[in-house]
Amino acid sequence: MFEMAASGDHPSSPPSETFPTDEKPPRLEEMLDTAHDPAYGEAVRIAGLVQRVTAANPSPFTFAGTGTYIVGRQRVAVIDPGPDDAAHVTSLLRALEGRTVTHICVTHTHSDHSPASRALAAATGAPVFGFGPHPAGDIRRGGEDPAAVTEEPGDWDFIPDVTLAHGDVLADEGWTLECLHTPGHISNHLCFALPEGRAVFTGDHVMGWSSTIIPPPDGNLGDYLRSLELLIDRGDRDEVYWPTHGPPITSPARYVRALLAHRHRRTAQILECLREGPATIPALVARMYTDTPKMLHPAAERSVLAHLIHLAERGRVSAEPDDDDRTRRYDPA
Ligand SMILES: [Zn+2]
């Protein structure tokens, strides 16, 4: 899922909190990559051990669609089976013909990632692995106003056969998948590292075409930043990230540093705006996203809310008691 850029540099961007000033972090805007051929329905070999079959479900949330990964040669794991889409499941089963599926792995329970696990399990008999069911704290959004929908809906029916935790290792013929618990976008998000390919399947945690939306209350910016640091802490182990949507990320460490800097810059912008006086989220969005079409402002409001919750958790802002996210006023603490 996308998270659009705030307009311009108003207010001026202060230095990042994380990096020494002599080591300027790369700018995310310059690193985004939207060149991508999904080759819908075809099994595309993208590395020695890895193929991808992309579902034809392009949208502002899924970019070109959901990329389902097949890992291994004869005995394979499938990562993110995708949406409940019979044509995609048919394409997947065609790509898997003559092979044994040993593991069906799910990065998280949004409806563009996990629902096809049921059809794939029924057709192959393979067990489904995931962190857990869709989090109870997630809000069902949508309804009357399509512009208010800011994230793919949840797959409330998902129940893994085997629950995974951080550090768990799955393995079969010629491949190993290490589970990395990476909450932030959603609390049950996992990435899967493939050491044999010096690669990480990053789900929606890190995507090359866009930054990731953090939808509160289950989406949590503090968790997300820690989950980015977790990837940085892997050092130079990984040469490539394969997100579920869009092209690979070929300078992963540099890209994650750009994502961190992007969030710290946004946080600093919000604090700068609040220093001019207490403000509501819609007022902050109107000031920060001047070049963004109004129809995208609901998504921007969710993003600003995620930042304000993070700042409040750290004691940097205070909020008036008000249950309505759109009328609550924020003040620098
Ligand atoms: Zn998602």
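Taken together, the values in this text are just the output of simple stated rules run on the coordinates, not laboratory data. Predicted model only: the values in this text are computed from it and were never measured. Because the Cβ atoms are built from the backbone with ideal geometry, glycine has one as well, and the counts that use them run over all protein chains shown.
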Worksheet item: Quick one: longest stretch of the chain between exposed loop GluC sites (Glu not before Pro), exposed meaning at most 16 other C-beta atoms within 10 Å and loop per DSSP?
Response: 174-238
Fill in: Peptides 112-125, 284-297 ordered by average Cβ neighbours within 10 Å, highest first
112-125, 284-297
Fill in: Total formal charge among the other residues, if their Cβ is under 14 angstrom from that of Ala119, Lys/Arg +1 and Asp/Glu -1
-3
Worksheet item: Picking from Ile46, Ile186, Ile249, which is most flexible by a Gaussian network model of the chain using Cα springs under 10 Å?
Response: Ile46
Discussion item. Under 13 Å from a point placed 7 Å out from the Cα of Glu30 along the Cα-to-Cβ direction: which residues of the stretch 243-262 have their backbone N that close?
Written reply: 255, 258
Worksheet, complete the sentence: If Trp156, Trp242 are placed from fewest to most neighbouring beta carbons inside 10 Å, the sequence is Trp156, Trp242
Discussion item. At a 10 Å Cβ-Cβ cut-off, how would you order Asp157, Asp233, fewest neighbours first?
Written reply: Asp233, Asp157
Worksheet item: Roughly what % antiparallel, to the nearest 5, for the DSSP beta bridges in the stretch 33-259?
Response: 65 percent
Worksheet item: Listing Trp209, Trp175 from the residue with the fewest other Cβ atoms within 10 Å to the one with the most, what is the order?
Response: Trp209, Trp175
Worksheet item: Separation between the Thr90 and Ala283 pseudo-spin-labels, each 7 Å from Cα along Cα→Cβ, expressed in nm?
Response: 5.6 nm
Item to complete: Counting only C-alpha contacts under 8 Å and six or more residues apart, can you give the relative contact order of the stretch 33-259 as a whole percent?
Response: 17 percent
Item to complete: Starting from the exponent 0.38 and prefactor 2.2 Å, build the expected Rg for the stretch 33-259 from its residue count and divide its actual Cα Rg by it.
Response: 0.93
